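Everything below concerns the one structure shown next.
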Amino acid sequence: MTRLLKHGVMLMLLATAGCTLPFTQPPAEQKIVAGRTTKSEVLFLLGEPDRMFSSGAVKAVSGDKEFVLQDPSEIWLYYPSAVNLLDLIEFKTLRIVFDSQGIVTYHTH
């Protein structure tokens, strides 16, 4: 009975180990400031992104007038380094958007 209890406790600890480690933001992430932080600073703080995307400018034309709705931007994505059961339900990805000058415009989770 004692052996069965020990194995049961160990099995329970192993099964719930992933549930007890929530995704935590690295302290470096808190140093990113919209309008000031550059791509090279983000690379230094967080390393290479897991994914990178570029989006072109979005313009609208009305008669002879042209309106820029969105400037070109580059988007970097950082995924959690460890995935646990809670991340499978709510996957928290750090998204950093840079303007055409390489300055952070905003970042979100």
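Would you check if Thr16 is at pLDDT below 75, assigned to a loop (DSSP other than H, G, I, E, B) and over 20 Å from Gln101 (Cβ atoms)?
For Thr16, the condition - at pLDDT below 75, assigned to a loop (DSSP other than H, G, I, E, B) and over 20 Å from Gln101 (Cβ atoms) - is not met.
Of all the residues that make up segment 26-57, how many are of a type outside the set (A, V, I, L, M, F, W, C), surrounded by 12 or more Cβ atoms within 10 Å (Cβ to Cβ) and either at pLDDT below 60 or in contact with a strand residue (DSSP E or B) (Cβ under 9 Å, 6 or more places away or on another chain) (or both)?
Taking segment 26-57 and keeping what is of a type outside the set (A, V, I, L, M, F, W, C), we get 26-27, 29-31, 35-41, 47-51, 54-56.
Of the ones still in play, those that are also surrounded by 12 or more Cβ atoms within 10 Å (Cβ to Cβ) are 26, 29, 31, 37-39, 41, 49-50, 55.
Pick out the ones that are also either at pLDDT below 60 or in contact with a strand residue (DSSP E or B) (Cβ under 9 Å, 6 or more places away or on another chain) (or both) and you get 26, 29, 37-39, 41, 49-50, 55.
Selection size over segment 26-57: 9.
The values are calculated or read from the model by the stated rules, or taken from the named source; none is laboratory data. None of the values given here were measured: they were computed from a predicted structure. Virtual Cβ from ideal backbone geometry, glycine too; neighbours counted across all protein chains shown.
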